[in-house]
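**Student:** What follows is a structure written as structure tokens; I'll ask about it next.
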There are 2 protein chains.
Amino acid sequence: MNLKELSAHLGLSQTTVSRALNGYPEVSEETRKRVMQAADQFNYRPNTRAKALATGRAMAIGHVIPLSTQHEMMNPIFGDFISGAGEIYSQSGYDMVLSLVADEDQSRAYHEMAAKRNVDGIVLHAPEMRDRRITMLQEIGLPFAVHGRATDIATPYSWLDVNNKSAFQRATDFLLDLGHRRIALVNGQESMDFAFRRRRGYEAALAARGITPDPGLMFAGEMTEVYGYDSVRRTQALDDPPTAYLVSSIIAAFGVRRAVEEAGLVMGRDVSIITHDDDLSYLRNGAEVPVFTATRSSVREAGRRLAKLLISQIENPGTAPLTELLEAELTVGRSTGPSPNRT
Amino acid sequence: MNLKELSAHLGLSQTTVSRALNGYPEVSEETRKRVMQAADQFNYRPNTRAKALATGRAMAIGHVIPLSTQHEMMNPIFGDFISGAGEIYSQSGYDMVLSLVADEDQSRAYHEMAAKRNVDGIVLHAPEMRDRRITMLQEIGLPFAVHGRATDIATPYSWLDVNNKSAFQRATDFLLDLGHRRIALVNGQESMDFAFRRRRGYEAALAARGITPDPGLMFAGEMTEVYGYDSVRRTQALDDPPTAYLVSSIIAAFGVRRAVEEAGLVMGRDVSIITHDDDLSYLRNGAEVPVFTATRSSVREAGRRLAKLLISQIENPGTAPLTELLEAELTVGRSTGPSPNRT
DNA sequence: CCAAACATCCAAAGCGCTTTGATAGATCAC
DNA sequence: GTGATCTATCAAAGCGCTTTGGATGTTTGG
């Protein structure tokens, strides 16, 4: 059933039917009601393709996912982010189109999206430190918003980010207050902007107390369970092992806990752990009392907000870029306690 | 730059340019080359919307994700599945559109997708035992393929599934061969078809050795870390605790391991664990020697294959439904060993 | 040398919608 | 009673592409 058939059946012009359905005022209430009813009865939905062509709006938002084997962006947090964003999209009538693209095709992919005009805007994921994709998208002129930020990009753009620096600074402070002095950082890949900022926060807190960061206690890598495990194994073999671990992901934190317990140490007594917690739906941090003390920020909520931000950007073209900085909350669980080395 | 402008610039008709770009034979090689070059130079890409309208093909495939809070389908395996499917889609020129839909809107969502004509086919996720969505899609007449199967649906449809029954039957057999007699099943939600089949496999293996399944050893629930942990805590409190655990997800297996180790037991000696392993990119089962003995089947590969299957279905309408049954491999790791209770 | 076959190209219709510009008829002001 | 204003409707153009059905010139066969 299409517009033509529907209007023929009603004995009205396509114009009138279209107007009636789209809520234009120049249609009598009576006919509008009649049209609505018929549309309902025949389960009429305007053909998206035709509508998009006529209006110039695709009513879709693109997410380009780098499909590299190196850093699997299709990672655990992605599902939750998408889930949050998708919620808003469906509320606002947008579709979400996902493109998985090999790293070397990134540039081509964005240009293609712009030229093919099948999305009204783009969400950029996992920005690196001075991500070339941002300037690229600025040149292309398609609305976009970044989940995260990229240090060293001068021209303004829309983004939403967690205050990673402050979160890790506060977490480090918290451990320092508990008397810990040897604090290991089990960070994500530091070419990623968020990881870089977290390290800055960690270092800033140490510096404020006159402690020089020990390179032997700082790790950067893919945030897997095994990575967390290995980091502990290596540091516990040191002469002066750390009494606390600051971890960038709850998955790695699982590995950290495993290694700690395997070494016969008790978490929260012999060794303290703070992890960043993206509040993933399938990896809840304990029930009533959190297992881990954590810097928590829901990535699903981030998805929701970034979606809103981008939609507003799309629907009000010409406005200045929007930005939003979320503060993570520091929630205390059972994984932290005073340093055993406290004098 | 659109077709009109491009052809004007070339001094050719739109027809010829279109034909040249789409590889039709009635164009001289010389002009084709000229057209190709100009298209390249101006970075011309046909407008998807217009093309879709003209051809009647959207060149997109829809994934409808139930957005229930009850069972979070946006779960860890989803990212990997999508990643595999997306790989094939981009190779074949399809876009992937994701719709997150609340459970109560499922029916409406499918009808809408069909009426709006913005996808050429649909992938159905996480089928329940006699999933109503399948018959619904059959009635609608939009091509679709199911990741998994639904018991008790008579009319044929396209699906791709892991042989869950055989996998869990073999795993149970493997444990029985090692002398285990008290084997716990830590299963997923058994309204899900895959979980139901796994239990059938488990029960079949026990029955073959004349063992009656003990309801006190069988669990069904959301496959979280804490769920795995709790299952062990409960069973180890029994008079006659199990010596082996058969687990439906590697995330739950982490929890099982944690509880086992916390109880002072050694995995692979005092207690054996076999888990199903979806071979997730960010949750690798150990390095050289797998940590867990596992029934393994890559969900990413499943995504790839199901995508191919659906595309073939779309491009050859009228052919019989396609089905594919993947066998999981049973890989031996360090989590299994002879039963300590063996006489 | 002429009709048939072929190789290239083009004008125009059509995909299903929105939107512009017009047209009737009703209502109003005076 | 008449021109102006509103109201409710419609015909037709246009979005950017593909595709049908010619048209034009060139070869080819006999």
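**Student:** Exactly one of these conditions fails for A:Phe194: (1) touching a residue at least 40 places away in the same chain (Cβ under 8 Å); (2) out of contact with any strand residue (DSSP E or B) (no Cβ under 9 Å at 6 or more places or on another chain); (3) open to solvent by 40 Å² or more (accessible area, probe 1.4 Å). Give me its number.
**Tutor:** Every listed condition holds for A:Phe194 apart from (2).
**Student:** B:Ala126 - would you say it is at the interface with another protein chain (Cβ under 7 Å from one of its Cβ atoms), more than 25 Å from A:Gln41 (Cα to Cα) and part of a loop (DSSP other than H, G, I, E, B)? Write out each step before concluding.
**Tutor:** Details: at the interface with another protein chain (Cβ under 7 Å from one of its Cβ atoms): no; more than 25 Å from A:Gln41 (Cα to Cα): yes; part of a loop (DSSP other than H, G, I, E, B): yes.
No, not satisfied.
**Student:** Kindly provide the set of residues from region B:8-45 that are small (Gly, Ala, Ser) and either near DNA strand C (Cβ under 7 Å from one of its atoms) or in contact with a His (Cβ under 9 Å, 6 or more places away or on another chain) (or both), ordered by number. It would help to see each step written out before you state the result.
**Tutor:** Initially, region B:8-45 is screened for residues small (Gly, Ala, Ser), giving B:8, B:11, B:13, B:18, B:20, B:23, B:28, B:38-39.
Selection gives B:Gly11, B:Ser13, B:Ser28, B:Ala38.
**Student:** Further question on the same structure: Only one residue in A:Val260, A:Val291 is closer than 21 Å to B:Val260 by Cα, β-branched (Val, Ile, Thr) and without any contact (Cβ under 8 Å) to a residue 40 or more places away in the chain. Which one? I'd like the intermediate steps shown before the answer.
**Tutor:** Working: A:Val291 fails: without any contact (Cβ under 8 Å) to a residue 40 or more places away in the chain.
None of the others qualify; the one that does is A:Val260.
**Student:** So, one more: Conditions: (1) more than 15 Å from B:Asp131 (Cα to Cα); (2) open to solvent by 50 Å² or more (accessible area, probe 1.4 Å). B:Ala154 meets all but one. Number of the miss?
**Tutor:** Every listed condition holds for B:Ala154 apart from (1).
**Student:** Can you run down the residue pairs with Cβ atoms below 7 Å, 6 or more apart or on separate chains, where the first is in region A:23-39 and within 14 Å of chain B (Cβ to nearest Cβ) and the partner is of a type outside the set (Lys, Arg) and more than 9 Å from DNA strand D (Cβ to nearest atom)?
**Tutor:** A:Ala39/A:Leu6; A:Ala39/A:Leu21
**Student:** So, A:Tyr44, is that one open to solvent by less than 40 Å² (accessible area, probe 1.4 Å) and under 22 Å from B:Ile65 (Cα atoms) or not? Full working, then the answer.
**Tutor:** Details: open to solvent by less than 40 Å² (accessible area, probe 1.4 Å): yes; under 22 Å from B:Ile65 (Cα atoms): no.
Against the criterion (open to solvent by less than 40 Å² (accessible area, probe 1.4 Å) and under 22 Å from B:Ile65 (Cα atoms)), A:Tyr44 does not qualify.
**Student:** Scan region B:268-277 and give yes if some residue there is within 11 Å of chain A (Cβ to nearest Cβ) and either of a type in the set (D, E, K, R) or in contact with a Ser or Thr (Cβ under 8 Å, 6 or more places away or on another chain) (or both), otherwise no. Don't jump to the end; show me each part of the working.
**Tutor:** First, pick out the residues of region B:268-277 that are within 11 Å of chain A (Cβ to nearest Cβ): none.
No; the residues of region B:268-277 include none that is within 11 Å of chain A (Cβ to nearest Cβ) and either of a type in the set (D, E, K, R) or in contact with a Ser or Thr (Cβ under 8 Å, 6 or more places away or on another chain) (or both).
**Student:** Another question, if that's okay. All but one of (1) within 11 Å of chain B (Cβ to nearest Cβ); (2) within 16 Å of the chain's Cα centre (by Cα) hold for A:Thr295, so report the exception by its number.
**Tutor:** Answer for A:Thr295: the failing condition is (1).
**Student:** Same structure, new question: If you go through region A:304-333, how many residues are modelled with pLDDT of 95 or more and in a loop (DSSP other than H, G, I, E, B)?
**Tutor:** Adding up the residues that qualify gives 7.
**Student:** When only residues in region A:110-151 that are under 21 Å from A:Gln189 (Cα atoms) and basic (Lys, Arg) count, which is modelled with the lowest pLDDT?
**Tutor:** The selected residue is A:Arg130.
**Student:** For B:Ser107, state whether it is open to solvent by 10 Å² or more (accessible area, probe 1.4 Å) and modelled with pLDDT under 95.
**Tutor:** Numbers: open to solvent by 10 Å² or more (accessible area, probe 1.4 Å): yes; modelled with pLDDT under 95: yes.
Against the criterion (open to solvent by 10 Å² or more (accessible area, probe 1.4 Å) and modelled with pLDDT under 95), B:Ser107 qualifies.
**Student:** Which count do you get for residues in region A:18-29 that are near DNA strand D (Cβ under 7 Å from one of its atoms) and not polar (S, T, N, Q)? Step through it out loud before you land on a result.
**Tutor:** Taking region A:18-29 first, the residues near DNA strand D (Cβ under 7 Å from one of its atoms) are A:19, A:26-28.
Checking the rest, the ones that are also not polar (S, T, N, Q) come to A:19, A:26-27.
The total comes to 3.
**Student:** Identify, by number, the condition in (1) without any contact (Cβ under 8 Å) to a residue 24 or more places away in the chain; (2) facing another protein chain (nearest Cβ under 9 Å) that A:Leu100 doesn't meet.
**Tutor:** Condition (1) is where A:Leu100 drops out.
**Student:** Among the candidates B:Gly86, B:Gly62, B:Gly56, single out the residue that is more than 24 Å from A:Ala109 (Cβ to Cβ) and either open to solvent by less than 60 Å² (accessible area, probe 1.4 Å) or touching a Lys or Arg at 6+ places or on another chain (Cβ under 9 Å) (or both).
**Tutor:** Numbers: B:Gly86 fails: more than 24 Å from A:Ala109 (Cβ to Cβ); B:Gly62 fails: more than 24 Å from A:Ala109 (Cβ to Cβ).
It is B:Gly56.
**Student:** So how many residues does region B:304-343 have that are small (Gly, Ala, Ser), open to solvent by 80 Å² or more (accessible area, probe 1.4 Å) and under 25 Å from B:Phe254 (Cβ atoms)?
**Tutor:** In the first step, residues of region B:304-343 are kept if they are small (Gly, Ala, Ser); the result is B:307, B:312, B:318, B:320, B:328, B:333, B:335, B:337, B:339.
Next, only the ones that are open to solvent by 80 Å² or more (accessible area, probe 1.4 Å) stay: B:318.
Remaining after also requiring under 25 Å from B:Phe254 (Cβ atoms): none.
Residues that pass the stated criteria total 0.
**Student:** Sticking with this one: Collect the residues in region B:154-203 that are of a type in the set (A, V, I, L, M, F, W, C), touching a helix residue (DSSP H, G or I) at 6+ places or on another chain (Cβ under 9 Å) and assigned to a strand (DSSP E or B), keeping them in residue-number order.
**Tutor:** B:Trp159, B:Leu160, B:Val162, B:Ile183, B:Ala184, B:Leu185, B:Val186
**Student:** Mind checking which residues of region B:39-58 are more than 6 Å from DNA strand D (Cβ to nearest atom) and outside any helix (DSSP H, G or I)? Spell out how you get there, then give the answer.
**Tutor:** Initially, region B:39-58 is screened for residues more than 6 Å from DNA strand D (Cβ to nearest atom), giving B:39-45, B:48-49, B:52, B:56-58.
Hits for region B:39-58 are B:Phe42, B:Asn43, B:Tyr44, B:Arg45, B:Gly56, B:Arg57, B:Ala58.
**Student:** Could you look through region B:266-303, keep only residues that are open to solvent by 50 Å² or more (accessible area, probe 1.4 Å) and not in a strand (DSSP E or B), and pick out the one that is modelled with the lowest pLDDT?
**Tutor:** In the first step, residues of region B:266-303 are kept if they are open to solvent by 50 Å² or more (accessible area, probe 1.4 Å); the result is B:266, B:269, B:284, B:287-289, B:296, B:301.
Remaining after also requiring not in a strand (DSSP E or B): B:266, B:269, B:284, B:287-289, B:301.
Numbers: B:Val266: 95, B:Arg269: 97, B:Arg284: 78, B:Ala287: 68, B:Glu288: 74, B:Val289: 84, B:Glu301: 96.
Checking each candidate, the answer is B:Ala287.
**Student:** A further question on this structure: Under 8 Å by Cβ, and 6 or more places apart or on different chains, what pairs join a residue from region B:1-19 that is under 15 Å from B:Phe42 (Cα atoms) with one that is open to solvent by 90 Å² or more (accessible area, probe 1.4 Å) and near DNA strand C (Cβ under 10 Å from one of its atoms)?
**Tutor:** B:Leu10/B:Arg34
**Student:** In addition: Taking region B:222-267 only, how many residues are among the small types (Gly, Ala, Ser), over 20 Å from A:Pro76 (Cα atoms) and within 14 Å of chain A (Cβ to nearest Cβ)?
**Tutor:** As a first pass, look at region B:222-267 and keep what is among the small types (Gly, Ala, Ser): B:228, B:231, B:237, B:244, B:248-249, B:252-253, B:255, B:259, B:263-264.
Among the residues that remain, those that are also over 20 Å from A:Pro76 (Cα atoms) are: B:231, B:237, B:244, B:259, B:263-264.
From what's left, within 14 Å of chain A (Cβ to nearest Cβ): B:259, B:263-264.
So the answer is 3.
**Student:** Please state which of the following conditions A:Gly23 fails to meet, knowing it meets all the rest: (1) open to solvent by less than 40 Å² (accessible area, probe 1.4 Å); (2) part of a loop (DSSP other than H, G, I, E, B).
**Tutor:** Unmet for A:Gly23, out of (1) open to solvent by less than 40 Å² (accessible area, probe 1.4 Å); (2) part of a loop (DSSP other than H, G, I, E, B): (1).
**Student:** Which condition from (1) of a type in the set (Val, Ile, Thr); (2) in a helix (DSSP H, G or I); (3) surrounded by fewer than 20 Cβ atoms within 10 Å (Cβ to Cβ) is the one that B:Val260 breaks?
**Tutor:** Just one mismatch for B:Val260, condition (3).
**Student:** Kindly indicate whether any position in region B:199-216 is within 30 Å of A:Met223 (Cβ to Cβ) and either free of Cβ contacts under 8 Å to residues at least 12 places away in the same chain or crowded, with 16+ Cβ neighbours inside 10 Å (or both).
**Tutor:** Going residue by residue through region B:199-216, those that are within 30 Å of A:Met223 (Cβ to Cβ) are none.
No: region B:199-216 contains no residue that is within 30 Å of A:Met223 (Cβ to Cβ) and either free of Cβ contacts under 8 Å to residues at least 12 places away in the same chain or crowded, with 16+ Cβ neighbours inside 10 Å (or both).
The values are calculated or read from the model by the stated rules, or taken from the named source; none is laboratory data. Note that the structure is a prediction, hence the values are computed from the model and not measured. As a convention, Cβ positions derive from the backbone with ideal geometry for all residues, glycine included, and neighbour counts pool all protein chains shown. For accessibility, only protein heavy atoms count, side chains too; no ligands or nucleic acids. Shrake-Rupley method; radii C 1.70, N 1.55, O 1.52, S 1.80 Å.
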